[in-house]
Amino acid sequence: MQRALRPSALVPRGFDVESAFCDGATTVITVRATSGTSLCPSCGTSSGRIHSRYQRRLNDLPLAGRQVRLVVVARRFRCVTVLCGRRIFTERFDEGALAPWARRTTRLDLIVHHLGLALGGRPAASFSRRLMLPVSNDTLLRVVRKRGCPPFAAPSVIGIDDWAWRRNQRYGTIICDLERRRPITLLPDREPATAQAWLAGQPQIAVVARDRGGGYALAVAKALPHATQVADRWHLMENASHAFLDAVRKSMRQVRIAVGSATINPNLMTAAERIQYEGYLRREDTNAAILKQAETGVSIKEIVRLTGHSRGLIRRVLRGQRPSRRIPVLRGRGPDLRNPPARGFRHRRPRLRAHCRSGSMGRARRRFRRPFAPAEGRPLAPPTYS
């Protein structure tokens, strides 16, 4: 059975519509509460003695592509309790419809809260204007902060690590529930004392995953001596990757000699590549001279005096922490281990230069993109560039 749509169905529950009209792009609806009494916020006594009336203006959900503004005719009541300290109080409405001192209805405030959670400040403010819900980015963030986060269940397996408020300047601590895969709290800094104070209030924690630093290890050992500390997978992989790359960098000279990339034809270089290559040779000579002095038993102080280099540079060379930098001219110049070139292969750069001298640049590019001509009738695969 179909029922007629009443105007009161378009407004929050507990209100009757008195009038409605359109004011430009806004629909103004005047409503009045249906109840005849209200509860005193101090003593909780119901009162029906009306003192006066006033109007409250609030924003509500849009209607038919128009913004909606509710004009609530609210009342002031006299408290009938003799011993109550509040003699006059304003009308209180259902919390699900309208909160005290609110400028938006509860259902609109809920939409604003979800927009702030999903999109953040500025993106949500831009999207809300398209939804006919004009709110600023500050309002969105304020609504999210006011509602706060729901209380979390007591975790038993957590992960703790630092994160950057502002990189290289200010850091905090993030704690996550690894069983439920959600963050629990953010601490203002990464001091062991701060982490220890929070962990001391969670005695049920049995496992703590952390990085390999000593700060969080000390905090967990003091606050939760019974908890098991483990190194998380990401930090293990990150440390293993750094160790592997350091070992490779220290052996780059031997690797280049083994693959034949240490010999380079300077005639195939551009001016910029030649400058970089000369710098590479100077670094190699410097490293060799320092290592030779160290092998003869010369002290670091004496090497500083003989070579004129800084003490930090000499220490990095002796520790193998000053590897040779990657040389751009080596890219595609040496032999390719995966696809060694056949006989008759010529580098592309001289061919491009030769075509540039004899014709336009467009013609040279078209000729350059063609496959290489096979040598002595044998098929030739294009070179592979790393």
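The values are calculated or read from the model by the stated rules, or taken from the named source; none is laboratory data. This is a predicted model, so every value here is computed, not measured. Heads up, the Cβs are rebuilt from the backbone with ideal geometry, glycines too, and the neighbour counts pull from every protein chain shown. Heads up: the accessible areas ignore ligands, DNA and RNA and are worked out on the full protein's heavy atoms, side chains in. Shrake-Rupley method; radii C 1.70, N 1.55, O 1.52, S 1.80 Å.
So that you can scan it fast, the table gives a plain yes or no per residue for (1) over 49 Å from the mean Cα position of the chain (by Cα); (2) part of a loop (DSSP other than H, G, I, E, B); (3) under 22 Å from D109 (Cβ atoms); (4) among the basic types (K, R):
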residue	(1), (2), (3), (4)
A4	yes, yes, no, no
C22	no, no, no, no
T27	no, no, yes, no
T30	no, no, yes, no
P41	no, yes, yes, no
D60	no, no, yes, no
L70	no, no, yes, no
V73	no, no, yes, no
R76	yes, no, no, yes
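Could you say whether any residue in region 2-22 is acidic (D, E) and open to solvent by 70 Å² or more (accessible area, probe 1.4 Å)? For region 2-22, residues acidic (D, E) and open to solvent by 70 Å² or more (accessible area, probe 1.4 Å): present.
Quick one: in region 194-214, which of the residues that are free of Cβ contacts under 8 Å to residues at least 40 places away in the same chain and farther than 14 Å from I174 by Cβ is least open to solvent (accessible area, probe 1.4 Å)? Please lay out each step first, then the result.
Of all residues in region 194-214, those free of Cβ contacts under 8 Å to residues at least 40 places away in the same chain come to 194-201, 203, 212-214.
When the remaining residues are screened for being farther than 14 Å from I174 by Cβ, the result is 196-197, 200-201, 203, 212-214.
Details: Q196: 61, A197: 73, A200: 64, G201: 53, P203: 87, R212: 164, G213: 32, G214: 56 Å².
Within region 194-214, the match that is least open to solvent (accessible area, probe 1.4 Å) is G213.
Just a yes or no: is a residue in region 67-88 within 30 Å of R130 (Cα to Cα), in contact (Cβ under 8 Å) with a residue 24 or more places away in the chain and among the charged types (D, E, K, R)? Looking for residues that are within 30 Å of R130 (Cα to Cα), in contact (Cβ under 8 Å) with a residue 24 or more places away in the chain and among the charged types (D, E, K, R), one finds at least one in region 67-88, hence yes. Under 8 Å by Cβ, and 6 or more places apart or on different chains, what pairs join a residue from region 17-44 that is more than 17 Å from V73 (Cβ to Cβ) with one that is in a loop (DSSP other than H, G, I, E, B) and among the basic types (K, R)? The qualifying pairs are L39/R92; C40/R86; P41/R86; P41/R92; S42/R86; C43/R86.
Here V82 passes the criteria (1) of a type outside the set (F, W, Y); (2) modelled with pLDDT under 90; (3) open to solvent by 20 Å² or more (accessible area, probe 1.4 Å); (4) closer than 30 Å to R145 by Cβ except the one numbered (4).
Listed by first and then second residue, the pairs with beta-carbon distance under 6 Å, at least 6 apart or on different chains, first residue in region 253-270 and within 22 Å of N287 (Cβ to Cβ) and outside any loop (DSSP other than H, G, I, E, B), second at pLDDT below 75 and among the hydrophobic types (A, V, I, L, M, F, W, C), are R256/A262. With respect to the conditions (1) open to solvent by 70 Å² or more (accessible area, probe 1.4 Å); (2) at pLDDT 90 or above; (3) within 30 Å of R233 (Cα to Cα); (4) under 24 Å from the mean Cα position of the chain (by Cα), C149 falls short on a single one, namely (2). Residue check: is R256 over 26 Å from the mean Cα position of the chain (by Cα), open to solvent by less than 60 Å² (accessible area, probe 1.4 Å) and at negative phi? Yes; evaluated as a whole, the condition is true for this residue.
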